[in-house]
Amino acid sequence: MLGLTPLGLAHTAISLVALFCGYLSLMRHGAIDPAARLGRVYLWTTVLTCLTGFGIFQRGGFNEAHALGVVTLLAIGVALLPLRARAWPYVQTVLWTLTLFFHMIPGLTETFTRLPAGAPLFTGPDDAKLQATVGAVFLLFAAVMAAQVWHMRRRLRHVPPGVAAAGS
């Protein structure tokens, strides 16, 4: 189907679950929280997406998509660190949302270099229109991340000293 191998099909199915959980978490809670059920499913399906992606070599050997998988796993690892720095909740929130953006790069590339069947929107990963689309999606995600930080700061500013804020 659309030139996907069995591993490619499994990878795609897993990544769709990750995307669904990530976006649903953002819509419901304003963030991806790995302590919540949706966040845990997002975490593990994102890890599986990266790991299954390492076995896909449709465009030759190790490439930018594989490197993005490594960067995604590193971002997850850093986001899971139990640091106590004052800015750490903000950094974690931004990292989780950034991993969702990372899903979008190969997602847009692989989807729209194949679809619509017979006349894909983009010719390949180097297509200027694809790169502009990824740039526009990044700007959208940057706005989401800025809004997350703003809302967190606003919420935490209204918490009396010595009282832990919900969700922090």
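The values are calculated or read from the model by the stated rules, or taken from the named source; none is laboratory data. These figures come from a predicted structure and were not determined experimentally. Backbone-built Cβ (ideal geometry, glycine too); neighbour counts: all protein chains shown.
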Considering each residue of the range 110-131, count those that are over 26 Å from LEU48 (Cα atoms), hydrophobic (A, V, I, L, M, F, W, C) and part of a helix (DSSP H, G or I), and give that number.
-> 1
Residue tally, condition in contact (Cβ under 8 Å) with a residue 40 or more places away in the chain, closer than 14 Å to ALA87 by Cα and not aliphatic (A, V, I, L, M), over the range 135-150 | 1
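For the structure I just gave you, tell me whether LEU16 is modelled with pLDDT of 95 or more and part of a helix (DSSP H, G or I). Let's see the steps before the verdict.
Values: modelled with pLDDT of 95 or more: yes; part of a helix (DSSP H, G or I): yes.
Yes.
Of the residues ALA142, ALA147, ALA166, only one is modelled with pLDDT of 70 or more and either in contact with a Gly (Cβ under 9 Å, 6 or more places away or on another chain) or not in a helix (DSSP H, G or I) (or both); which? Give the steps one after another, and end with the answer.
Details: ALA142 fails: either in contact with a Gly (Cβ under 9 Å, 6 or more places away or on another chain) or not in a helix (DSSP H, G or I) (or both); ALA166 fails: modelled with pLDDT of 70 or more.
Of the residues listed, the single one that is modelled with pLDDT of 70 or more and either in contact with a Gly (Cβ under 9 Å, 6 or more places away or on another chain) or not in a helix (DSSP H, G or I) (or both) is ALA147.
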Pairs with Cβ under 8 Å, 6+ apart, first in the range 27-41 and surrounded by fewer than 18 Cβ atoms within 10 Å (Cβ to Cβ) and assigned to a loop (DSSP other than H, G, I, E, B), second among the polar types (S, T, N, Q) and at pLDDT 95 or above = GLY30/GLN148; ALA36/SER25
Is at least one residue of the range 86-100 within 25 Å of LEU130 (Cα to Cα), surrounded by fewer than 17 Cβ atoms within 10 Å (Cβ to Cβ) and over 11 Å from the mean Cα position of the chain (by Cα)?
-> no
Of all residues in the range 65-109, which are out of contact with any Cys (no Cβ under 6 Å at 6 or more places or on another chain), of a type outside the set (A, V, I, L, M), part of a helix (DSSP H, G or I) and free of Cβ contacts under 8 Å to residues at least 40 places away in the same chain?
-> HIS66, GLY77, TRP88, GLN92, PHE102
